[in-house]
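Reading through the structure tokens given below for one structure.
The numbers here are math on the coordinates, done by the rules we state, and not lab data. These figures come from a predicted structure and were not determined experimentally. Ideal geometry is used to build each Cβ from the backbone, glycine not excepted, and the neighbour counts take in all protein chains shown.
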Amino acid sequence: MTTATPSPRSAFALAVIENGTHNPHIHALLEAVETRQVSDLAVQTQCAMIKIISGAVINQAQMDGTLVRDAKNKTILSLPLDDFDREIKALVHLGSQMKFSLALIDMIEQRLILLARQMAQHTRHADMQVRWNTLDDGGRLGYLQTINTLQMASFSDEDLRFTPAQLVCHNLPSRIVGEFDFDGPPLDPASRPRIAINPRHLDTASCAEMTGIMVHEGLHSILRQLARHHHFGTMAADHPFSADGALMETRIQTGAYLPSYLGKAYYADAEERICYRHTKFDGLYRSQSRHSAPSPAPARLTI
């Protein structure tokens, strides 16, 4: 197995230095990533390589003075992606190796249809679009909170329960509408799900757009709560989603995410691939709304 010699400025070279210049195991893993021979690597190893390479890219950009951070909260906003084409391609390949089970994907599809039907029973799509325009920020947050509560209920069953997230307004980079996390360490039982909404988008986005964002972030919440079920033993060992819970637990433990500032790699992230399939929830909602009988006095979502 042969590869091109890394440039001294390469993040691959930096990754080797950071993890031991004389560590043959790291050398072999980086070589496997370079030649796209990672399908046989354990999930833990793939997650570790994502962490090593993405971390090395950030460190190199910071040393070059090309890493851009938000002045207030120091969140990374961008880095020169063209300078790290080799690393981004490797991260895309690593991310694409992680797949959720067909059982989980089927469940998500079915439960989202159920969610759409439940939403249509409360408020028809066109009616909610009109009402959205009359709501202040508090009213809009209340509506979005109700969507998240309905989503968690739609996905819960007698075996697995999903907790609604607390919604908060939080200043985020302009390109980010919403963001999911926990209010403490993800695998701490005291930590609670939380979704931050960018207030500038709350003011300007349509109801359909914000509904899609809520469903998207709600799927992140469900996937990461699967990790907690697996970690705390509240999921049976033979549960159909056991492997999915283990994958998510490993991702959380290693912090092996591919953030948006990594460009193409972001869309190869295991979670983003499945969550972005449903960002345009508007179409599904309208499809179900067309089949909900009109009522002289339609029920409203509680706000």
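Quick notes
- Amide H partners (placed H, <5 Å) of residue 78, local residues excluded: 68
- Net length available on complete extension from residue 188 to residue 232 is 14.9 nm, with 0.36 nm assigned per residue and the Cα-Cα distance removed.
- For residue 156, residues with placed amide H under 5 Å, excluding near neighbours: 162
- Placed amide H near residue 166: partners under 5 Å, 5+ positions off or other chain: 194, 195
- Using θ = phi - 60° and Karplus 6.51 cos²θ - 1.76 cosθ + 1.60, couplings along the stretch 114-126 (whole Hz; Gly, Pro as x): 4, 4, 4, 5, 5, 5, 5, 5, 7, 8, 5, 3, 4
- Here the Karplus relation 6.51 cos²θ - 1.76 cosθ + 1.60, evaluated at θ = phi - 60°, turns the backbone of the stretch 228-245 into coupling constants of 5, 4, 5, 5, 8, x, 8, 10, 4, 4, 9, 5, x, 9, 4, 5, 5, x Hz, with x for every Gly and Pro.
- Projected label distance in nm at residue 42 and residue 209, using a 7 Å step from Cα toward the beta-carbon: 4.5
- Remark: the stretch 259-266, residue by residue, has Karplus-estimated 3J(HN,Hα) of x, 5, 5, 8, x, 4, 4, 4 Hz, where x stands for each Gly or Pro and the curve is 6.51 cos²θ - 1.76 cosθ + 1.60 at θ = phi - 60°.
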